[in-house]
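This report concerns only the one structure given below.
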Amino acid sequence: MLDAVRVFDTTLRDGEQSPGCTMSRDEKLAIARQLARLGVDIIEAGFPAASRGDFEAVQAVAGEVGSADGPVVCALARANRDDIDACWRAIETAAKPRIHTFLATSDIHLTYKLRMTRPQVLDAVRTMVSFARERCADVEFSPEDAGRSDPAFLHEVLAAAIEAGATTLNIPDTVGYTMPDEYGAMIAGIRERVPGARNVVLSTHCHDDLGLAVANSLAGVRAGARQVECTINGIGERAGNAALEEIVMALHTRGGHFGIETGIQTRQLARTSRLLAAVIGVPVPPNKAIVGANAFAHEAGIHQDGVLKNPMTYEIMRAETVGLDGNALVLGKHSGRHALRARLESMGHQLSDDEFRHVFARFKDIADRKKLVEERDLEALVVGEVRRPPPLYVLRHVQVSCGTELIPTATVRLVGPDAEVRTESAQGTGPVDAVCAAINRIVGDPGELVEFDVTAVTEGISAVGEVTMRVRERRAQESLHSTDAPDVHIADAERNERFPVYSGNGVHVDIVVAAAEAYLSALNRLFHARAESVRGAQHSLAMTGAA
Ligand code: KIV
Ligand code: ZN
């Protein structure tokens, strides 16, 4: 029998921490359900002490996805009592809960960030891991920035964590600094020299700053790690985390080399990647390994010829294995309710009768325009129409005039709250700027546009263009640097809580229309979050009054 490695997915925690990947509670739940279908062993659902929203999202995942035959539900806590208590309260309803606590061990973090001595760190690890163990039988400890820590001190801290009851030791290369041979040697050194290390699970956690996160994770597995921490599409802090789909398919495709299996249902990989991209509005680059649109496309004639004669000439794995196969071509305009319902259920979407009626009507619209509706269209439809709250503003009309002798000018018509129709015109430095300025005139306080990205989805002069826009919340009188949190993870979580970034997508043959759709979709997410935060504040006020 092959040896097995556990897959620990941190898309909802480390992944969500990166700007533009903010998810609501319901969006996190939809992703968590799909992660369970994918077969991950552990879902890290969030960082409960970071914000009320994250606490509630973790609680919802623990309650709804954390069943006895489902994944372990884990949440992050700094090594202090308040964080660990909040973490435990958020996950305690899961059948298999796990507390993940961390403290940095590198001198640079001790001196400048924590202002703690080595003995103080050792003491905190002992006390806090046993505090977590009093609440939960499954405790993971991470020495943050292990990759740049003095090995002797790292080993001392890890031995203390094991003695205090840690069941998993996760070894983060927090800043993506190590090389694969160094990372592998670090895991091997821990296994050999830390007392008790062979009785706990060693885990990899690699960031991609030098593009080595997957290579480092695999080197860790070769050296004895039996848990890999990773995210779907490799999302995460800065350059991201190790991509789950890449680690899993490397182990799968090179089974003879590694001799290690995972419990992942590989045919769910493409679907999970698409769902995440649709939810956060961050498209997968076409050349992304495993799940990119071109990952299995053969352009060169010589390649096509070879693949037709024998696919193994240029393909090391089959598109079917990762779920990128014929199931893409699914339904046409003559397909009935039953076929659509069955297809949605096979994709994991259980809709109420009302939701289904709505989706069916929209499906018919799309099928009228396109001969075949693909699974990715259905995914976008369900995320857009059902999982996402109804948009506050809907685009009705956009018109621009621009050219060498003209000042770019746009006219935009939106249907807003209470079905009010408003039309505004504005000028800008270019047609897209003019469209955004006209939209801003209608919606009022729009936040700050931080990114605008255009890609061609299809080829040729009539190519369909995809635009992604990111809008950051701007709160009066607060600066982006005003957080004084002593830890980068809590600082990032606080920054994302106070200045969250919302992404929106638009796809159209006219790039200006795609931009208008993308901008409006990002703004709709921002306005929805504002309304939620007001509702949350009113709720807290009511609770305080009642107490
Ligand atoms: O990168 C890191 O160090 C982390 C820890 C909190 C595990 O994400
Ligand atoms: Zn990390």
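The values are calculated or read from the model by the stated rules, or taken from the named source; none is laboratory data. No experiment lies behind these values; they were computed from the predicted model shown. Note: ideal-geometry Cβ built from the backbone for every residue, glycine included; neighbour counts use all protein chains shown. Side chains included, ligands, DNA and RNA excluded: accessible areas come from the protein's heavy atoms. Shrake-Rupley method; radii C 1.70, N 1.55, O 1.52, S 1.80 Å.
Output the pairs from LYS96/LYS364; LYS28/LYS309; LYS288/LYS309; LYS28/LYS113 with a Cα-Cα distance over 32 Å in this structure; if there are none, say none.
Long pairs (Cα-Cα over 32 Å): LYS96/LYS364; LYS28/LYS309.
If packing is taken as the average count of other Cβ atoms within 10 Å, what order do 58-71, 311-324 fall into, highest mean first?
On the way: 58-71: 19.9, 311-324: 15.6.
Sorting 58-71, 311-324 by mean packing, highest first, produces 58-71, 311-324.
Taking θ as phi - 60° and the Karplus parameters 6.51, -1.76 and 1.60, the scalar couplings of the stretch 425-437 work out to 10, 7, 9, x, 6, x, x, 5, 4, 5, 4, 5, 5 Hz in sequence order, x denoting glycine and proline.
Helix 52-65 and the longest principal axis of the Cα set of the chain meet at an angle near 80°. The radius of gyration of the Cα set in the stretch 161-252, together with its Dmax, comes out at 12.7, 36 angstrom.
Separation of the stretch 134-160 and the stretch 48-98, taken as the distance between their Cα centroids, equals 21 angstrom. Counted by Cβ distance under 12 Å from GLY184, the other residues give a net charge of -1, where Lys and Arg count +1 and Asp and Glu count -1.
To the nearest 500 deg cm²/dmol, what mean residue ellipticity at 222 nm is calculated for the chain from DSSP H runs of n ≥ 4 alone, each contributing -39,500 (n - 2.57), summed and divided by the residues?
Mean residue ellipticity at 222 nm (helix-derived): -13000 deg cm²/dmol.
Can you give the relative contact order of the stretch 3-280 as a percent, counting alpha carbon pairs under 8 Å and 6+ residues apart? Before the final figure, lay out the partial values.
Values: 627 pairs, mean separation 57.0, N = 278.
Normalised by residue count, the contact order of the stretch 3-280 is 21 percent.
Taking only the Cα atoms of the stretch 1-64, how large is their convex hull per residue, in Å³? Working shown, then result.
On the way: hull volume 6.1 nm³, N = 64.
So the per-residue hull volume is 95 Å³.
Return the FRET efficiency for the residue pair LYS333, ALA419: r is the Cβ-Cβ distance, R0 is 25 Å, and the value is rounded to the nearest 0.05. Before the final figure, lay out the partial values.
Working: r = 29 Å, r/R0 = 1.17.
Between LYS333 and ALA419 the formula returns 0.30.
What the Cα atoms of the chain give is an Rg and a Dmax of 24.5, 76 Å.
For the stretch 109-154, applying the loop criterion from DSSP together with a ceiling of 16 other beta carbons within 10 Å to the GluC sites (Glu not before Pro) yields no site.
Here the peptides 164-174, 226-236, 17-27 are ranked by packing, the mean other Cβ count within 10 Å, and the order with the highest first is 226-236, 164-174, 17-27.
Counting only Cα atoms, the size of the stretch 3-280 along its three principal axes is 46, 43, 33 Å, in decreasing order. Split the accessible area of the chain by element, probe 1.4 Å, and carbon with sulfur accounts for 52%. The solvent-accessible area of THR272, taken with every protein chain present and a 1.4 Å probe, is close to 0 Å².
Please state the relative contact order of the chain as a whole percent: Cα pairs under 8 Å, 6+ residues apart?
Details: 1082 pairs, mean separation 63.2, N = 547.
Taking the mean separation of contacting Cα pairs over the length of the chain, I get 12 percent.
Accessible surface calculations at 1.4 Å, restricted to protein heavy atoms, place the chain at 45 Å² per residue. Counting DSSP beta bridges with both partners in the chain, what percentage is antiparallel, nearest 5? Here the antiparallel bridges make up roughly 50 percent for the chain. Each Lys and Arg adds +1 at its Cβ and each Asp and Glu adds -1 at its Cβ; summed about the Cα centre, the chain shows a dipole of about 940 debye.
Please give the peptides 197-204, 347-354 ranked by average Cβ packing (other Cβ atoms within 10 Å per residue), highest first, as a rough proxy for protection.
Working: 197-204: 19.6, 347-354: 14.1.
Per-residue mean Cβ counts within 10 Å order the peptides as 197-204, 347-354.
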